[in-house]
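S.K.: Submitted below is the structure of interest, expressed as structure tokens.
Each value in this text was obtained by applying a stated rule to the coordinates, not by laboratory testing. As the structure is a prediction and not an experimental result, all values here were calculated from the model. For neighbour counting, all protein chains shown are included, and Cβ atoms are generated from backbone atoms with ideal geometry for every residue, glycine included.
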């Protein structure tokens, strides 16, 4: 089963040029050599940081564990930390409640991601609610794509990440005003989950492109 490694960070003020050169010339090529396939670069427009998100795909958890245990990976992360601040990472697997297809690069889209923990003793009821009510409601909204649901295995701030994709950021606003979405989200938060948060992210053509990062 595929797994995703997400790495997040911010760039120190005034260090954008050095950072961009390092990512383009060193970080991305070395990740590719190790077998970490770059499948996404995002900038967090709304929500908690860090602001820059890099997403890598690996075909199995065992392969990712081998890569992360290698001296080359450890050295590369230490070198990255010389150019960034607030480094965070997490490892995720598909929940299986949405499509389990290889995660691909998506260009020119926006993400509305949800983060939460399942309440103790509610796991079975939560699963039924998601499969029977929440996912069908989202699949019935034509202007969004239900890209994935992810179990966070290591790292991050939550147990579950839900990923919705939009071509137009205005459609995120339409979703938030949708009566069915508001009602089912209220039920989700009231009855099944805690530690609920969300973020709006924008894809970057190249996640090392500094023009997105100078605010």
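S.K.: State log₁₀ I(q)/I(0) for the stretch 28-77 at q = 0.25 Å⁻¹ as given by the Debye formula over alpha-carbon point scatterers of equal weight, solvent excluded.
M.R.: -0.96
S.K.: Once the stretch 154-201 is represented by equal point scatterers at the alpha-carbon sites, with solvent omitted, what log10 I(q)/I(0) does the Debye formula produce at q = 0.17, 0.25, 0.29, 0.33 Å⁻¹?
M.R.: Debye curve over Cα of the stretch 154-201, log10 I(q)/I(0) at q = 0.17, 0.25, 0.29, 0.33 Å⁻¹: -0.63, -1.12, -1.22, -1.27.
S.K.: Quickly estimate the mean residue ellipticity at 222 nm for the chain, helices only: each DSSP H run with n ≥ 4 gives -39500 (n - 2.57), and the total goes over all residues, rounded to 500. Show your work: numbers first, answer last.
M.R.: On the way: 8 runs with 62 residues, N = 215.
Theoretical 222 nm ellipticity from helices: -7500 deg cm²/dmol.
S.K.: Also, quick follow-up: If the convex hull of the alpha-carbon atoms of the stretch 3-94 is projected onto planes in all directions, what is the mean projected area in square nanometres?
M.R.: Numbers: hull surface 24.0 nm².
So the mean shadow area of the Cα hull is 6.0 nm².
S.K.: Bin all alpha-carbon pair distances of the chain at 5 Å intervals from 0 and give each bin's fraction as a whole percent.
M.R.: Percent of Cα pairs in each bin: 1, 6, 14, 19, 18, 17, 11, 7, 5, 1, 0.
S.K.: Sticking with the crude label model, points 7 Å out along Cα→Cβ, report the distance from residue 122 to residue 45 in nm, one decimal please.
M.R.: 3.0
S.K.: Take residue 151, project a point 7 Å from its Cα along the Cβ direction, then tell me which residues of the stretch 112-127 have their backbone nitrogen under 11 Å from it.
M.R.: none
S.K.: Suppose a student asked you for the relative contact order of the chain, using Cα pairs under 8 Å spaced at least 6 residues apart; what percent would you report?
M.R.: Working: 386 pairs, mean separation 65.1, N = 215.
It comes to 30 percent, rounded to a whole number.
S.K.: State, as an integer percentage, the relative contact order of the stretch 3-94 based on alpha-carbon contacts under 8 Å between residues 6 or more apart. Before the final figure, lay out each step's value.
M.R.: Details: 127 pairs, mean separation 46.0, N = 92.
Answer for the stretch 3-94 is 50 percent.
S.K.: Sticking with the crude label model, points 7 Å out along Cα→Cβ, report the distance from residue 133 to residue 63 in nm, one decimal please.
M.R.: Going by the 7 Å Cα→Cβ label model, 3.9 nm.
S.K.: Quick one: Cα centre-to-centre distance for the stretch 128-147 and the stretch 33-96, in angstrom?
M.R.: Here the two parts' Cα centres lie 28 Å apart.
S.K.: For the stretch 110-203, what's the relative contact order in percent, using C-alpha pairs closer than 8 Å and at least 6 residues apart?
M.R.: On the way: 131 pairs, mean separation 47.9, N = 94.
For the stretch 110-203, the relative contact order is 51 percent.
S.K.: Among 187, 58, 44, which one moves the most in a GNM of the chain with springs linking Cα atoms closer than 10 Å?
M.R.: 187
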